[in-house]
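Visitor: What follows is a structure written as structure tokens; I'll ask about it next.
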Protein chains: 2
Amino acid sequence: MELSKYSSKLLEEAVEVFAGLPGIGRKTALRLVLFLLRQDKEVIGRFGETLLRLRDEIRYCSVCNNISDKEVCDICASPHRDHSTVCVVEGPQDVMAIENTGQYHGVYHVLGGLISPVDGVGPDDLVVSPLEERVKKGEVKEIILALSPTMEGDTTNFYLFRRFRDSGLKITTLARGVAVGGELEYADEVTLGRSIANRTPFEETFRF
Amino acid sequence: MELSKYSSKLLEEAVEVFAGLPGIGRKTALRLVLFLLRQDKEVIGRFGETLLRLRDEIRYCSVCNNISDKEVCDICASPHRDHSTVCVVEGPQDVMAIENTGQYHGVYHVLGGLISPVDGVGPDDLVVSPLEERVKKGEVKEIILALSPTMEGDTTNFYLFRRFRDSGLKITTLARGVAVGGELEYADEVTLGRSIANRTPFEETFRF
């Protein structure tokens, strides 16, 4: 669909902002804008105002860097969590995913990204200093590196390992292996190889 | 993903407005919001402000009801278009689709919807009166009903046909038949049946 075909400059601009979102092309963007125009004006207004509030009011927990409405988020403020174990994750979606398992009772640190030379993201673009401060205070005993098992995740894992290995902390990472419910024959060689190399005593698989 | 798991009320609200869009679930909505939060603040600001402008400034052509920045849209204002032929369509996306063919030189009328009892859309919810005014002025000679070949489209076609049949206009509709480039064996029976019943002289298929 050509640009010049839009009947209105404003329509074109609205299509453009939606098409700037990941996974949304110009055709889908147009569909979304026309959908909004068919709704009540309040729906569009609420959408726009929520975005402006997102720009102006969004805050990050001063302890763990997760998105929060307060200076310190609920998890970091909770006396029921184990504050000596810090799970290091890429983003807020990972905190949600781990919280959803109901298996983790420690606290978090949100890096806000992964080292990715291709995308121009270096170590300085990650939020690490609040974690260092917590470590210096001596309240942290273990850091769990819970980053995606990708090239970027492994690079960042290694960077953090080097940065914290002399601090006397226990540094662990997520177990790599065959997925629960997955068919063995479809597991890739690297994963299957690692899961054999790092095999665990049978009774330990029932820890949870 | 449970609601209570969101670390911020504002984040939850932002996810909700995105999840209100068609084809976007809560998980995708969260991904889009977190994507926006990783961008510059101006990107979110531009998004929000464009939506507020969409709410406040969007206008519709007073002649054809298409989205327009002006009182009368470029197509309706053009002296190069055939103003005696009006193509009646459901929405602005259909105007764009027909304009993209480059085959149509008449003008349009945008209904803004189709009659759909299931969705609670009746004839009064459609924009028809500006078309009636144009017909009364006597400048229109032919109305092309170019609505989707669905139940709703056919219902609306029939409603418009009854409303305009006594006005002495030529009322036509899009040719139904096998799609260009489609395999005959995969065409549905109704379409194939109609394309046989309404077969056209061979030389006419080269009119364009």
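Visitor: Can you bin the stretch A:118-158 into rounded, prolate or oblate? Criterion: square roots of the alpha carbon gyration tensor eigenvalues sorted a ≥ b ≥ c, rounded for a/c under 1.5, prolate for a/b above b/c, oblate for the rest.
Guide: oblate
Visitor: A:GLN39 label points, 7 Å along Cα→Cβ, one per copy: pairwise distances from this copy to the rest in nm, shortest first?
Guide: Those separations, rounded to one decimal, come out as 1.8 nm.
Visitor: Restricting things to Cα coordinates, could you compute the convex hull volume per residue of chain B in Å³?
Guide: Normalising the Cα hull of chain B by residue number yields 211 Å³.
Visitor: With N denoting the number of residues in the protein assembly as shown, provide Rg(C-alpha) divided by 2.2 N^0.38 Å, to two decimal places.
Guide: Its radius of gyration relative to the 2.2 N^0.38 Å reference: 1.35.
Visitor: Next up: Among all stretches of chain B without exposed trypsin sites (Lys or Arg not before Pro) (DSSP loop, at most 13 other Cβ atoms within 10 Å), which one is longest?
Guide: By the stated rule (loop sites, at most 13 other Cβ atoms within 10 Å), B:1-69.
Visitor: As I understand it, the value is the acute angle between the Cα axis of helix A:26-38 and the longest principal axis of the Cα atoms of chain A; what does it come to in degrees, rounded to 10?
Guide: 70
Visitor: Still on this structure, please answer the following. Report the extension gain between A:ASP154 and A:ILE171 in nm, rounded to one decimal, defined as 0.36 nm multiplied by the number of residues separating them, less their alpha carbon distance.
Guide: Length gained, A:ASP154 through A:ILE171: 4.7 nm.
Visitor: Continuing with the same structure: Spelling out what I want: for every residue of the stretch A:12-23, take phi, set θ = phi - 60°, compute 6.51 cos²θ - 1.76 cosθ + 1.60 (Karplus), and round to whole Hz; glycine and proline get x.
Guide: Each residue of the stretch A:12-23 in turn: 4, 5, 5, 4, 5, 5, 5, 5, x, 7, x, x Hz.
Visitor: 5 Å is the cut-off here: which amide hydrogens, built 1.01 Å from N in the peptide plane, fall below it relative to B:GLY106, excluding neighbours closer than 5 in sequence?
Guide: Under 5 Å from the amide H of B:GLY106 lie the amide H atoms of B:ASP82, each far enough along the sequence or on another chain.
Visitor: Note down the relative contact order for chain B as a percent, whole number, built from C-alpha pairs under 8 angstrom at least six residues apart.
Guide: That works out to 13 percent.
Visitor: Same structure again: Using θ = phi - 60° and the Karplus form 6.51 cos²θ - 1.76 cosθ + 1.60, what ³J(HN,Hα) does each residue of the stretch B:99-104 get, whole Hz, x for Gly and Pro?
Guide: 4, 5, 5, x, 9, 10
Visitor: Using only the Cα atoms of the stretch B:80-174, build the gyration tensor, take square roots of its eigenvalues as a ≥ b ≥ c, and label the shape rounded, prolate or oblate: rounded if a/c is under 1.5, else prolate if a/b is larger than b/c, else oblate.
Guide: Oblate.
Visitor: Mind checking the log10 I(q)/I(0) for the stretch A:3-57 at q = 0.19, 0.28 Å⁻¹? Debye, one equal scatterer per Cα, no solvent, two decimals.
Guide: -0.72, -1.17
Visitor: By counting other Cβ atoms within 10 Å of each Cβ, how are A:ILE196, B:ILE44, A:ILE58 ranked from fewest to most?
Guide: Placing the least packed residue first, the sequence is A:ILE196, A:ILE58, B:ILE44.
Visitor: Also: Quick one: length gained pulling A:GLN103 to A:ASP82 fully straight, 0.36 nm per residue minus the C-alpha distance?
Guide: 6.3 nm
Visitor: Treating the point 7 Å from Cα along Cα-beta-carbon as the label, what are the nm separations from B:GLU189 to the other copies, to one decimal?
Guide: Going from nearest to farthest copy, the values are 5.3 nm.
Visitor: Restricting the count to DSSP beta bridges whose residues both fall in the protein assembly as shown, what percent are antiparallel, rounded to a multiple of 5?
Guide: 20
Visitor: For the stretch B:78-122 and the stretch A:46-112, what is the centre-to-centre distance using only Cα atoms, to the nearest Å?
Guide: Between the Cα centre of the stretch B:78-122 and that of the stretch A:46-112, the gap is 49 Å.
Visitor: Eigenvalues of the Cα gyration tensor times 5, then square-rooted: what semi-axes does that give for the stretch B:75-117, in whole angstrom, largest first?
Guide: 21, 12, 8
Visitor: Exposed loop GluC sites (Glu not before Pro) only (DSSP loop, at most 15 other Cβ atoms within 10 Å): please give the longest stretch of chain B free of them, not including the sites.
Guide: The answer is B:3-70.
Visitor: Identify the chymotrypsin sites (Phe, Trp or Tyr not before Pro) of the stretch A:1-67 meeting these criteria: DSSP loop state and at most 12 other C-beta atoms within 10 Å of the C-beta.
Guide: Answer by residue number: there is no such site.
Visitor: What are the residues whose amide H is under 5 Å from the amide H of A:SER68, where those residues sit 5 or more places off or on another chain and H is modelled from the backbone?
Guide: A:ARG59, A:TYR60, A:CYS61
Visitor: Going by how many other Cβ atoms sit within 10 Å of their own, how do B:LEU145, A:LEU174 line up, fewest first?
Guide: A:LEU174, B:LEU145
Visitor: Please report the antiparallel percentage of DSSP beta bridges with both residues in chain A, rounded to the nearest 5.
Guide: Roughly 20 percent of the beta bridges in chain A run antiparallel, per DSSP.
Visitor: What is the order of B:VAL72, A:VAL135, fewest Cβ neighbours within 10 Å to most?
Guide: B:VAL72, A:VAL135
Visitor: Enumerate the lysines that A:LYS141 could reach by cross-link, defined here as Cα to Cα under 20 Å, with residues fewer than 8 away along the same chain left out.
Guide: A:LYS170
Visitor: Assign unit charges at the C-beta atoms only (+1 for Lys and Arg, -1 for Asp and Glu), then state the dipole size of the stretch A:53-208 relative to its Cα centre in Debye, rounded to the nearest 20.
Guide: 540
Visitor: Roughly how many nanometres apart are two label points built 7 Å out from the Cα toward the Cβ at A:VAL180 and B:VAL190?
Guide: 4.8
Visitor: Positive end of the dipole of the stretch B:43-184, charges at C-beta (+1 Lys, Arg; -1 Asp, Glu), about the Cα centre: which of B:PRO79, B:ALA175, B:VAL89 has its Cα farthest in that direction?
Guide: B:PRO79
Bear in mind that the values in this text are calculations on the coordinates, not laboratory data. Since this is a predicted model, take the numbers as computed values, not measurements. All Cβ positions, even for glycine, are placed from backbone atoms using ideal geometry, and neighbour counts span all protein chains on display.
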